[in-house]
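Asker: One structure coming up, written as structure tokens, with questions to follow.
The values are calculated or read from the model by the stated rules, or taken from the named source; none is laboratory data. Bear in mind the structure is a predicted one, so any value in this text is a computation, not a measurement. A quick note on method: Cβ atoms are made from the backbone with ideal geometry, for glycine too, and the neighbour counts reach across all protein chains shown. When the accessible area is computed, the model is the full protein with side chains, heavy atoms only, and any ligands, DNA or RNA have been set aside. Shrake-Rupley method; radii C 1.70, N 1.55, O 1.52, S 1.80 Å.
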Amino acid sequence: MTKYNVIFVLGGPGAGKGTQCEYIVRDFGYVHLSAGDLLREERQRPGSQFGEEIEGHIKNGTIVPVQITCSLLKRAMEKSGKDRFLIDGFPRNRDNLDGWNKEMSDVAKVIRVLFFNCSEQVCVERCLSRGKTSGRTDDNEESLKKRIKTYTESTMEIIEQFRKLNLVSEIHAEKSPEEVFEEVKKVLNELN
Ligand code: UDP
Ligand code: MG
């Protein structure tokens, strides 16, 4: 039985996923789950057996094994007591998608994929400026190169796969947050 409705939120590093998710939560009442934030939280959790493994992947821009990420997502979904979710920054590769389908296809329905399309140049500029204050260990030039490589080589094909299923709404993500949100609103209004 399907318990959950899910919108996947994808796009390059710095494309604006987190910012737009905050606006969506404010106006449409979904629960926002950022896979990256859940992994960073797990990394900090005293006694976590995955801390070092997660940090290695984050710094390197590579992708944490799906068993870890998917169980964090699933637990957060259950804990929320809610049934409509924005899942931000996941699935990022084939392993992620396969693991999700195996674990979640009975309980969760993917109703849409929001794809924030933003040029590499703008993504890099945004992450480097965020890096001045974010404290993130991956908002630096070296990690960014690797994150963009992973995005191009692994995540884009997942977006293409969803596109073939007619699930993708592509958003032009280079404008101001408010302007981008105007486009997002149109998509979400059509869902309701
Ligand atoms: N990450 C991962 N699996 C996920 C989400 C994130 O392995 O499902 C790791 C990956 O190393 C990624 C990092 O966490 O580069 C940061 O992800 P986040 O989504 O926070 O970055 P963003 O795309 O928002 O800049
Ligand atoms: Mg993010």
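Asker: Out of curiosity, is ASP139 in contact with a Gly (Cβ under 7 Å, 6 or more places away or on another chain) and of a type outside the set (Phe, Trp, Tyr)?
Answerer: It is true that ASP139 is in contact with a Gly (Cβ under 7 Å, 6 or more places away or on another chain) and of a type outside the set (Phe, Trp, Tyr).
Asker: Every residue in the stretch 47-91 that is away from ligand 2 (no atom under 16 Å from the Cβ) and among the charged types (D, E, K, R), please.
Answerer: The answer is GLU52, GLU53, GLU55, LYS74, ARG75, GLU78, LYS79, LYS82, ASP83, ARG84.
Asker: Here's something else I'd like to know. Please work out if LYS132 is part of a strand (DSSP E or B) and either away from ligand 1 (no atom under 13 Å from the Cβ) or surrounded by 18 or more Cβ atoms within 10 Å (Cβ to Cβ) (or both).
Answerer: Answer is no for this residue.
Asker: Give me the residue from the stretch 137-148 that is free of Cβ contacts under 8 Å to residues at least 40 places away in the same chain and open to solvent by 30 Å² or more (accessible area, probe 1.4 Å) and, out of that set, farthest from ILE58 (Cα to Cα).
Answerer: Ranking the candidates gives GLU141 first.
Asker: Then there is this: Could you list all residues from the stretch 37-56 that are free of Cβ contacts under 8 Å to residues at least 12 places away in the same chain and open to solvent by less than 60 Å² (accessible area, probe 1.4 Å)?
Answerer: SER48, GLY51, GLY56
Asker: Would you list the helices (runs of 4 or more DSSP H) that sit entirely within the stretch 36-113 and hold 1 or more residues that are within 11 Å of ligand 1 (Cβ to nearest atom) and in contact with a Pro (Cβ under 6 Å, 6 or more places away or on another chain)?
Answerer: Correct list: 94-104.
Asker: Looking at the structure I just gave you, is ARG126 touching a residue at least 12 places away in the same chain (Cβ under 8 Å), within 15 Å of ligand 2 (Cβ to nearest atom), over 19 Å from ARG43 (Cβ atoms) and of a type in the set (D, E, K, R)?
Answerer: The answer is yes for ARG126.
Asker: Name the single residue that is farthest from ligand 2 (Cβ to nearest atom) among those in the stretch 2-35 being assigned to a helix (DSSP H, G or I) and open to solvent by less than 20 Å² (accessible area, probe 1.4 Å).
Answerer: ILE24
Asker: Which residues, counting only those in the stretch 36-46, are more than 15 Å from ligand 2 (Cβ to nearest atom) and touching a Ser or Thr at 6+ places or on another chain (Cβ under 9 Å)?
Answerer: Correct list: GLU42 only.
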